[in-house]
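Report on one structure; see the data block that follows.
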Amino acid sequence: MNMGMTNVPDLKSIANELRKELVVVHAAANAPHIGSDLSCIDILITLYFKVLGKNDHFILSKGHAALALYAVLHKKGIISADDYGSIGKDGSLLAEHPLHGMKGVEVATGSLGHGLSIAAGMALVNKRDNKSGTTYVLLGDGECQEGSIFEAMNFAVRERLNHLVAIVDSNRWQGLDRTLLNAETVNKEFSAAGWTVNEIDGHNFDEIAAALKSNSDAPTLIIANTILGKGIKSMEDKLEWHYRSPSGNSVKDFISEIS
């Protein structure tokens with residue numbers, strides 16, 4: 001997967017463009033999870049436009065943010081305009097969660113808690129085969145409550161997977177309430193296990209890029225503090241936008257708030 005490019009674009013402009021697109025796409029497909037898309041879109045943009053190289057891999061473990069990934073893949077030219085316009089339609093590979101077989105998607109996700117284990121396995125194969133490249137995985141903070149996350153956490157340390165980077169989209173919300181584990185607890189758990197842990201502003205492109213590019217002798221966890229619905233003030237940090245979809249006059253109103 002060759003993500004390299006000679007000219008680095010204005011990431012803020014891309015973020016504003018894709019946020020507006022996501023409002024329209026969510027409304028057209030009547031799709032949920034726009035709040036989660038907006039909380040992690042800056043992370044995905046930084047990954048795909050500044051970090052990922054031809055030997056790197058990415059897994060979206062929090063599969064409910066699939067539409068954010070589709071928006072970035074379309075902007076990169078990895079998926080076509082026709083495919084991008086088919087989101088949520090019968091027969092489309094662009095479902096509410098990523099499906100294997102779609103360009104740019106290496107693993108089908110949506111059942112939470114599995115992405116870190118898969119990423120650890122991929123990183124282990126690369127290490128044993130002496131292949132270069134880093135495996136990146138984006139997790140939700142609610143997802144970090146799954147037992148499989150902690151099993152993978154310990155496995156990665158035992159196998160010294162220093163080319164494994166996990167990013168937590170820490171918007172402090174899960175399905176119907178605040179997360180049970182806060183960023184401080186996740187930081188302590190992973191640090192105690194032997195991971196290198198960095199905590200950053202998940203909407204600051206420079207901080208995101210610096211953390212993603214940092215080197216360590218251990219697997220790395222980046223806790224990206226984010227805001228559900230970021231970029232639309234009337235939507236920010238409001239639980240209902242974990243599941244609701246924009247509709248009617250709200251589409252135009254939400255777009256007008258993005259700048």
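The values are calculated or read from the model by the stated rules, or taken from the named source; none is laboratory data. Predicted model, so just to flag it, every value in this text is computed and none were measured. Heads up, the Cβs are rebuilt from the backbone with ideal geometry, glycines too, and the neighbour counts pull from every protein chain shown.
Out of all the residues in region 85-104, is one or more touching a residue at least 40 places away in the same chain (Cβ under 8 Å), more than 17 Å from the chain's Cα centre (by Cα) and buried (at least 18 other Cβ atoms within 10 Å of the Cβ)?
Checked against the condition, which is being touching a residue at least 40 places away in the same chain (Cβ under 8 Å), more than 17 Å from the chain's Cα centre (by Cα) and buried (at least 18 other Cβ atoms within 10 Å of the Cβ), region 85-104 yields at least one hit.
Table: residues versus (1) β-branched (Val, Ile, Thr); (2) closer than 21 Å to Tyr243 by Cα; (3) surrounded by fewer than 17 Cβ atoms within 10 Å (Cβ to Cβ); (4) touching a residue at least 24 places away in the same chain (Cβ under 8 Å).
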position	(1), (2), (3), (4)
Leu44	no, yes, no, yes
Lys50	no, no, no, yes
Ile59	yes, no, no, yes
Glu106	no, no, no, yes
Thr109	yes, yes, no, yes
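Of all residues in region 225-259, count the ones that are of a type in the set (A, V, I, L, M, F, W, C) and over 15 Å from Gly35 (Cβ atoms).
Matching residues across region 225-259 total 2.
Considering only residues that are part of a helix (DSSP H, G or I) and surrounded by fewer than 18 Cβ atoms within 10 Å (Cβ to Cβ), look in region 210-233 and name the one that is modelled with the lowest pLDDT.
Here the residue is Lys213.
Among what's in region 179-210 and is in contact (Cβ under 8 Å) with a residue 40 or more places away in the chain and touching a strand residue (DSSP E or B) at 6+ places or on another chain (Cβ under 8 Å), pick the residue that is farthest from Gly231 (Cα to Cα).
Filtering region 179-210 for residues that are in contact (Cβ under 8 Å) with a residue 40 or more places away in the chain and touching a strand residue (DSSP E or B) at 6+ places or on another chain (Cβ under 8 Å), the one farthest from Gly231 (Cα to Cα) comes out as Trp195.
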